[in-house]
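Peer 1: Submitted below is the structure of interest, expressed as structure tokens.
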Amino acid sequence: MTRRSETLLALAGAVLILVLAYAVPWLRFVLTIALAKGLAVLGILLLLRAGQVSFGHALYLALAAYTVAFGAVLVPEALLLLPAAALLAGIVGLLIGLFVVRYREIFFGMLNLALSMVFYSVLEKFYALTHGADGIRLPPVTFLGRPLAGESGEWTVLGLALVLALACGALVRVALASPLGEALAGIKTRETRLDFMGVSPKRVLLAAYVASAVMAGFAGAIIALTTRHVTPALSYWTTSGELVFIAILGGAGSVIGPFLGAAAYELTRVYAAATFANAWQLVLGLVLLGVIVFAPGGIWGMISSRRRAA
Amino acid sequence: MAWLSENGILVGLALLDGLSYAAAVFMVAVGLNLVFGVLRVLNVAHGSLYAIGGYTAASIGLFAASLGAPPWLGLPILLAASVLVGVVLGPLIERLLLRRMQDREPVLQLLVTFALFMILEDLQKLVWGVQPVVFDAPLKWLGTVDVPFGTDVIPFTAYQLYVLPGVALATLAILAYVLRYTLTGRMVVAVTVDREAARAMGIDAAKVTMLTFTVGAALAALGGALAAPTVSLVPGVGASTIVLSFAVVATAGLGQIEGAAVAALLIGLGRSFAVYVAPEFEVVVPYAIMVAVLLFRPQGLFGVAETRRI
């Protein structure tokens with residue numbers, strides 16, 4: 001697929017989101033969450049390109065969400081909270097990344113999982129500070145000085161998420177086509193070759209890891225601003241699993257995949273939860289199985305193969 | 001030393017608790033490790049098998065008790081229930097799902113087990129509900145034992161003192177014997193080391209895989225069944241068990257049976273000491289141990305570093 005048609009598709013998607021959010025008001029919330037998760041999944045996509053699965057990126061999601069929740073007490077300005085949360089996620093990502101990029105495959109996945117679970121239990125156990133499993137309600141937040149609440153607040157956060165999604169999507173698209181992206185793919189196929197070429201696989205993976213942490217940070221901040229309530233569940237390993245799930249559901253072939261996947265995931269979840277109150281996980285599990293068995297390229301794979309055939 | 005004499009009972013309790021806890025964790029982790037060795041898939045749904053084993057044992061036990069069965073029957077029921085779960089679910093999952101995925105990307109294989117986890121988790125809620133299930137007949141029937149510890153005497157349940165560690169030790173001995181000295185065991189080891197070569201030697205790898213998976217599933221179920229009398233079963237018990245046994249397996253090194261026992265002991269004791277000394281860190285300790293081990297031995301305590309493919 002050419003760069004131009006992908007750009008057009010992304011812009012068309014953005015317009016579609018705005019139209020849907022206008023026509024069906026309750027979809028605004030769902031779409032904002034979907035965009036946020038898509039952002040986090042973009043980072044997962046980078047790591048997947050290197051053949052590595054992180055079962056712990058919920059850590060950065062929760063870290064950023066709690067940063068917003070705590071930071072809002074001091075500085076209740078969304079435009080400052082958002083970058084601050086992402087920056088903190090990036091710094092923590094760099095520190096953890098220095099450690100985890102030495103490991104591959106199962107160990108990489110498990111170390112990430114372990115660290116996110118450590119964070120989860122810290123959030124849950126230090127009740128005095130975090131209110132444990134009850135979580136924290138976000139204090140009122142402003143956007144450019146005006147209160148971020150009500151319908152205009154919802155639109156503002158949706159707009160923020162959309163802008164971030166387009167910007168990060170474009171950046172990842174460029175990064176994947178750059179030597180860095182090729183090197184990432186090299187880690188998956190034959191890491192030793194990169195060494196021979198004088199490229200440090202660890203450094204390449206670290207760059208991707210920090211980028212993925214920052215994007216998960218943006219996602220966490222948006223989620224905190226949307227739900228206005230943060231709980232330790234954001235850091236639980238099933239949330240990380242969900243992100244990997246969305247990556248596969250959407251398809252790892254394009255930067256549009258994560259957003260398609262996230263939208264499909266959130267919509268399925270809303271409908272499944274409404275229709276089968278106690279079995280929405282079961283429905284999602286079946287959907288995931290179906291995708292893996294019958295459409296390994298994900299939703300994006302289905303679309304692009306049809307286009308190629310036509 | 002003054003601290004020790006004052007808190008002697010605590011240390012003793014932590015030791016005993018840790019031992020029985022390590023025994024249950026070992027059962028799950030060793031099954032996970034066996035399955036990983038042969039299938040090269042980290043089975044996320046392994047924790048669900050643990051939960052289902054516990055629930056099945058509790059249901060059968062409670063049903064038998066309602067028919068007026070003598071309390072000693074509780075113990076064989078635990079064993080029978082886990083064999084039942086292993087023999088029914090093991091081959092089903094392996095044949096219908098995992099075998100089809102054998103030649104696919106490792107990421108996809110991992111996600112298949114994640115999907116399975118989601119499905120089983122909800123099925124379990126549909127069957128057993130969300131109310132805690134308690135089946136402590138075996139625990140009560142065996143009564144308590146006074147364990148002398150220094151100058152103190154600690155009353156501890158005989159079930160946790162003898163049955164749990166006893167079954168774990170027996171499992172360890174049987175597995176070690178079977179894998180080293182029987183033909184079937186050697187075939188399992190052969191498939192673990194090199195699937196292709198094993199097939200070339202005339203080993204029916206598909207059959208070995210199915211057998212191993214069934215045994216692994218039964219071990220997870222047995223772990224759950226054994227733990228059932230000591231805890232009340234609630235939704236989510238599978239999810240927390242699986243991350244703990246991941247930690248054990250990663251600490252031990254992949255494919256290590258005796259190593260899993262040592263790691264389970266290390267992590268079980270570490271966790272129970274945390275419960276008595278610093279309860280906030282209870283959940284953190286297993287991962288702290290794992291990270292500390294992996295920092296110095298990236299392949300785990302007993303793992304053998306794989307030579308890099310060039």
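Laboratory data are not the source of any read-out in this text; all were calculated from the coordinates shown. Owing to the predicted nature of the structure, the values given are computational and were not obtained by experimental measurement. With ideal geometry, Cβ positions are generated from the backbone for all residues, glycine too; neighbour counts draw on all protein chains shown.
Peer 1: Would you calculate the convex hull of the Cα atoms in chain B and tell me its volume per residue in Å³?
Peer 2: Details: hull volume 46.3 nm³, N = 310.
Normalising the Cα hull of chain B by residue number yields 149 Å³.
Peer 1: How crowded by other chains is B:280-287, given as the mean number of beta carbons from other chains within 10 Å of each beta carbon?
Peer 2: The shielding value for this peptide is 5.
Peer 1: Something else: Would you mind giving the average projected area, over all directions, of the Cα convex hull of the range A:1-151 in nm² with one decimal?
Peer 2: Result: a mean projected hull area of 11.5 nm².
Peer 1: Quick one: Karplus J couplings for the range B:135-144, per residue in order, coefficients 6.51, -1.76, 1.60, θ = phi - 60°, nearest Hz, x for Gly and Pro?
Peer 2: Residue by residue, the range B:135-144 yields 9, 10, 4, x, 5, 5, 5, 7, x, 10 Hz.
Peer 1: Please express the shape of the range B:43-173 as an equivalent ellipsoid: the semi-axes are the square roots of 5 times the eigenvalues of the C-alpha gyration tensor, given largest first in whole angstrom. Show your work: numbers first, answer last.
Peer 2: Details: eigenvalues 234, 74, 37 Å².
Ellipsoid semi-axes (Å, largest first): 34, 19, 14.
Peer 1: Return the single residue from A:ALA149, A:ALA247, A:ALA177 with maximal mean-square fluctuation; model: Gaussian network over chain A, springs between Cα atoms under 10 Å.
Peer 2: Taking springs between Cα atoms under 10 Å, the residue moving most is A:ALA177.
Peer 1: Taking the convex hull of the alpha carbon atoms in the range A:152-310, what volume per residue do you get, in Å³?
Peer 2: 159
Peer 1: Over the range A:18-87, what lengths in whole Å, largest first, do the semi-axes of the equivalent ellipsoid take, defined as the square roots of 5 times the eigenvalues of the alpha-carbon gyration tensor?
Peer 2: Values: eigenvalues 111, 93, 17 Å².
Over the Cα atoms of the range A:18-87, the ellipsoid semi-axes are 24, 22, 9 Å.
Peer 1: Further question on the same structure: Quick one: if you take sqrt(5λ) for each eigenvalue of the C-alpha gyration tensor of the protein assembly as shown, what semi-axes come out, biggest first, whole angstrom?
Peer 2: Equivalent-ellipsoid dimensions as semi-axes: 41, 29, 24 Å.
Peer 1: Oh, and also: Beyond 23 Å, what share of the Cα-Cα pairs of chain A is found? Please give it as a whole percent.
Peer 2: Value for chain A: 55 percent of Cα pairs lie more than 23 Å apart.
Peer 1: With the cut-off at 1.5 for a/c, could you classify the range B:171-310 from its C-alpha gyration tensor as rounded, prolate or oblate?
Peer 2: Since a/c reaches 1.5 but b/c is at least a/b, the shape of the range B:171-310 is classed as oblate.
Peer 1: Can you tell me which of B:294-301, B:235-242 comes out highest on packing, and rank the rest after it, using the mean Cβ neighbours within 10 Å?
Peer 2: In decreasing order of mean packing, B:294-301, B:235-242 become B:235-242, B:294-301.
Peer 1: I need the P(r) histogram for the range B:102-141: all alpha carbon pairs, bin width 5 Å from 0 out to the longest distance, whole percents.
Peer 2: So the P(r) values, bin by bin, are 6, 18, 14, 13, 14, 12, 10, 7, 5, 3.
Peer 1: Given H placed on each backbone N at 1.01 Å, which residues far from A:THR142 in sequence or on other chains put an amide H within less than 5 Å of it?
Peer 2: A:GLU77, A:ALA78, A:LEU148
Peer 1: Sticking with this structure for a sec: Skipping prolines and chain starts, which residues have an amide H placed within reach, meaning under 5 Å, of the one on B:ASP152, given they are 5 or more residues away or on another chain?
Peer 2: Long-range HN contacts for B:ASP152: none found.
Peer 1: Karplus couplings for the range A:142-150 from phi (6.51 cos²θ - 1.76 cosθ + 1.60, θ = phi - 60°), rounded to Hz, Gly and Pro as x?
Peer 2: Once rounded to whole Hz, the list reads 10, 10, 6, x, 8, x, 9, 8, x.
Peer 1: Just B:VAL85, B:VAL134, B:VAL153 to compare: in a GNM of chain B, with alpha carbon springs under 10 Å, which one fluctuates most?
Peer 2: Highest fluctuation among the options: B:VAL153.
Peer 1: So, one more: Counting only Cα atoms, I'd like the Rg/Rh figure for the range A:180-234, Kirkwood definition for Rh.
Peer 2: With Rh from the inverse mean 1/r over Cα pairs, Rg/Rh is 1.25.
Peer 1: Then there is this: For chain A, set up a GNM with springs between Cα atoms under 10 Å and report which of A:ARG146, A:ARG49, A:ARG173 has the largest fluctuation.
Peer 2: With Cα springs under 10 Å in chain A, the top fluctuation among A:ARG146, A:ARG49, A:ARG173 is at A:ARG146.
Peer 1: Can you check what the net charge comes to around B:PHE117, using other residues whose Cβ is under 15 Å from the Cβ of B:PHE117 (Lys, Arg +1; Asp, Glu -1)?
Peer 2: -2
Peer 1: Continuing with this model, one more query. Using every Cα-Cα pair within the range B:134-216, state what percent have a distance larger than 19 Å.
Peer 2: For the range B:134-216, the fraction of Cα-Cα distances above 19 Å is 58 percent.
Peer 1: Around A:THR231, with a cut-off of 11 angstrom between Cβ atoms, what is the net charge of the other residues, counting Lys and Arg +1 and Asp and Glu -1?
Peer 2: Working: positive: A:ARG137; negative: A:GLU124, A:ASP134.
Neighbour charge sum, excluding A:THR231 itself: -1.
Peer 1: Go through the range A:1-36 and name the chymotrypsin sites (Phe, Trp or Tyr not before Pro) that are in a DSSP coil and have 10 or fewer other Cβ atoms within 10 Å of their Cβ. It would help to have the intermediate numbers written out before the result.
Peer 2: On the way: sites: A:TYR22, A:TRP26, A:PHE29; in loops: A:TRP26.
Here the sparse-neighbourhood loop sites are A:TRP26.
Peer 1: Under 30 Å Cα to Cα from A:LYS125, which lysines show up? Leave out anything in the same chain fewer than 8 places away.
Peer 2: Within reach: A:LYS37, B:LYS125.
Peer 1: Given H placed 1.01 Å from N in the peptide plane, which residues other than close sequence neighbours of B:PHE302 have an amide H under 5 Å from its amide H?
Peer 2: B:GLY253
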